[in-house]
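The block underneath contains the structure these notes are about, expressed in structure tokens.
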Amino acid sequence: MKTQLGNLSSEVITDKSVFEVIRDTVSQGLSEEPFYVLDLADVVYKMKLWQTALPRVRPFYAVKCNNHPVLLEFLASLGMGFDCASKVEIETILNMGVDKSRIIYANPCKTRSFIKHAADNGIALMTFDNEMELYKVKNLHQTARMVLRIRVDDSGAVCQLGMKFGCDVTVAPSLLKLAKELGVNVIGVSFHVGSGSQDVMAFSKAIKLARDVFDMGLELGFEMTLLDIGGGFPGTLVSSMTFEEVYSTINEALDEHFPHDCGVDIIAEPGRYMVASAFTLCVNIIAKRTTTMPAENGESVNMYYLNDGVYGSFNCIIFDHAEVTPDPLLPEDSKRDVCCSSLWGPTCDSMDRILQSCYLPDMNVGEWIVFQNMGAYTLAAASTFNGFEKPSVKVVLPLATWVYLQQLPTWPNLIKNLGLCQAQLDLFVDDQTTSQDVYFLHVAETVSV
Ligand SMILES: Cc1ncc(COP(=O)(O)O)c(C=O)c1O
């Protein structure tokens with residue numbers, strides 16, 4: 001089977017930084033279309049950090065967050081598990097050759113035919129939070145291993161999922177009893193503290209609550225063997241809650257409520273954490289108007305029209321409550337006036353506004369603006385409204401990471417999927433060494449994926 005990674009050429013491997021790649025690309029002047037740079041080194045770094053920081057928690061990447069095929073293939077090659085929310089997501093992951101045991105169907109309200117599809121394909125792990133789901137599962141999927149999703153305090157999160165999913169803990173006993181009566185096998189508990197969580201204590205409170213529900217399940221005679229701590233982990237360094245705070249809080253709570261020898265497997269469903277910082281978006285200024293806005297006290301405003309907007313990647317402003325930061329790509333010695341500016345998408349809708357007001361150097365049509373940290377909930381929900389294509393994705397794998405990946409047990413998988421041969425690689429590596437090599441090789445010695 002020809003994989004998506006197999007379509008990549010050796011140009012993917014580079015000794016350049018993401019910004020150098022961007023400058024090289026735009027300076028060629030071949031296209032004015034928007035594009036992403038996907039830095040696979042960032043993905044590897046996140047995985048390694050996770051393994052070091054949360055050694056007891058196995059990640060199942062939430063496919064909904066960003067389903068770019070190269071990203072998924074790469075994660076699969078590194079041994080990642082996957083949280084799928086639909087039949088198509090499950091098929092996508094199975095078609096990559098990932099074993100069914102590495103998938104959790106983590107949507108508590110599932111289409112009946114999708115449950116049947118999961119059963120036919122041996123996907124056993126599924127979440128639920130209501131009675132009807134138990135009746136559906138009893139009829140359609142006799143070998144399901146169900147995980148009860150409880151509602152936890154997500155008041156400190158940007159996207160509060162509790163208003164749609166998760167049963168109140170007071171309802172958990174009756175759901176568990178019904179499962180017992182129906183002969184549906186419940187094996188664990190899951191929760192989600194809300195995406196873009198800013199409250200580190202939400203994790204420890206949720207883990208304690210999950211322990212209570214675990215005990216209810218045990219009392220009813222279920223073999224409770226799985227705790228799923230969901231998503232909600234920060235994806236960038238600019239998050240108000242740091243990953244360090246999160247993992248130390250989680251580890252402490254796990255040690256207290258699910259100690260090492262308790263025989264419970266612990267998984268999580270990180271989305272944003274794995275991909276937010278790996279994608280950098282580059283957009284072109286396609287039009288510019290200078291106007292005077294009454295609200296700005298007569299100050300003139302540069303209105304820039306970009307070739308990606310809220311109907312495309314910047315849908316994150318609406319659905320993910322994201323705040324984006326423009327980074328103008330200017331020649332290094334450029335001296336420009338700084339002006340009040342607004343940024344707009346390319347469609348004919350006035351809702352298509354990216355930033356109402358910011359200060360930017362005076363820029364021209366044809367110049368580029370870069371947005372970092374654009375990997376989470378951007379491309380995955382982008383549309384082609386008004387005939388504007390979604391940005392393409394340029395994949396880069398820094399040479400140093402490539403060197404590091406060779407030491408992994410999953411290396412044969414990766415080399416097969418990347419479609420490169422060792423001889424090509426040796427030539428490349430002999431020629432060049434970067435300071436990053438030392439860093440990644442050091443990390444490689446410390447932990448192995
Ligand atoms: C069930 C489930 N798991 C995991 C995630 C991923 O969350 P995050 O991106 O905050 O890690 C989501 C996001 O909506 C979700 O609904």
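The values are calculated or read from the model by the stated rules, or taken from the named source; none is laboratory data. The structure displayed is predicted, hence computed values, not measured ones. Here Cβ is always computed from backbone atoms with ideal geometry, including for glycine, and neighbour counts include all displayed protein chains. We work out accessible area using only protein heavy atoms, side chains counted, and drop any ligands, DNA or RNA first. Shrake-Rupley method; radii C 1.70, N 1.55, O 1.52, S 1.80 Å.
Those residues that are within 22 Å of S195 (Cβ to Cβ) and among the small types (G, A, S), I need them from region 133-163; list them, please.
Result: S155, G156, A157, G162.
Only one of Q407, Q432 is under 20 Å from D15 (Cβ atoms), open to solvent by 30 Å² or more (accessible area, probe 1.4 Å) and at pLDDT 55 or above. Can you tell me which?
Working: Q432 fails: at pLDDT 55 or above.
Answer to the check: Q407.
Hey, among R56, R151, which residue is in contact with a strand residue (DSSP E or B) (Cβ under 8 Å, 6 or more places away or on another chain), more than 16 Å from the ligand (Cβ to nearest atom) and within 30 Å of T249 (Cβ to Cβ)? Please lay out each step first, then the result.
Numbers: R151 fails: more than 16 Å from the ligand (Cβ to nearest atom).
Sole residue among the options that is in contact with a strand residue (DSSP E or B) (Cβ under 8 Å, 6 or more places away or on another chain), more than 16 Å from the ligand (Cβ to nearest atom) and within 30 Å of T249 (Cβ to Cβ): R56.
Yes or no: E367 free of Cβ contacts under 8 Å to residues at least 40 places away in the same chain and within 18 Å of V26 (Cβ to Cβ)?
Values: free of Cβ contacts under 8 Å to residues at least 40 places away in the same chain: no; within 18 Å of V26 (Cβ to Cβ): yes.
No; evaluated as a whole, the condition is false for this residue.
Cβ-Cβ distance below 8 Å, separation of 6 or more or different chains: which pairs start in region 159-184 with a residue that is more than 14 Å from the ligand (Cβ to nearest atom) and end on one that is open to solvent by 60 Å² or more (accessible area, probe 1.4 Å) and of a type in the set (S, T, Y)?
Final answer for the pair search is L182/Y135.
Counting only residues that are at pLDDT 95 or above and either part of a loop (DSSP other than H, G, I, E, B) or among the small types (G, A, S) (or both), which one in region 334-349 is most open to solvent (accessible area, probe 1.4 Å)?
C348
From the list S31, S86, S27, exactly one residue is within 16 Å of the ligand (Cβ to nearest atom), over 23 Å from L405 (Cα atoms) and open to solvent by 10 Å² or more (accessible area, probe 1.4 Å). Which is it? Spell out the reasoning first.
Numbers: S31 fails: within 16 Å of the ligand (Cβ to nearest atom); S27 fails: within 16 Å of the ligand (Cβ to nearest atom).
Going through S31, S86, S27 in turn, the sole match is S86.
I need the full set of residues from region 379-393 which are open to solvent by 50 Å² or more (accessible area, probe 1.4 Å) and assigned to a strand (DSSP E or B), in order please.
Taking region 379-393 and keeping what is open to solvent by 50 Å² or more (accessible area, probe 1.4 Å), we get 381, 384-390, 392.
Passing the criteria: only S392.
Working only within region 258-298, note down all residues that are within 16 Å of the ligand (Cβ to nearest atom) and more than 31 Å from the chain's Cα centre (by Cα).
Filtering region 258-298 for residues within 16 Å of the ligand (Cβ to nearest atom) gives 266-279.
Within region 258-298, no residue meets the criteria.
With respect to the numbered conditions (1) modelled with pLDDT of 95 or more; (2) of a type outside the set (K, R); (3) surrounded by fewer than 17 Cβ atoms within 10 Å (Cβ to Cβ), which one is the sole condition not fulfilled by T236?
Single failed check for T236: (1).
If a residue has to be open to solvent by less than 10 Å² (accessible area, probe 1.4 Å) and away from the ligand (no atom under 16 Å from the Cβ) to count, how many in region 239-257 make the cut? Steps first, answer last, please.
Start the filter on region 239-257 by keeping residues that are open to solvent by less than 10 Å² (accessible area, probe 1.4 Å), which leaves 241, 246, 250, 253-254.
Now restrict to residues that are away from the ligand (no atom under 16 Å from the Cβ): 253-254.
Within region 239-257, residues that are open to solvent by less than 10 Å² (accessible area, probe 1.4 Å) and away from the ligand (no atom under 16 Å from the Cβ) number 2.
I want to confirm something. Restricting to region 185-205 and keeping residues that are more than 13 Å from the ligand (Cβ to nearest atom) and assigned to a helix (DSSP H, G or I), which single residue is least open to solvent (accessible area, probe 1.4 Å)?
Among residues in region 185-205 that are more than 13 Å from the ligand (Cβ to nearest atom) and assigned to a helix (DSSP H, G or I), the one least open to solvent (accessible area, probe 1.4 Å) is S204.
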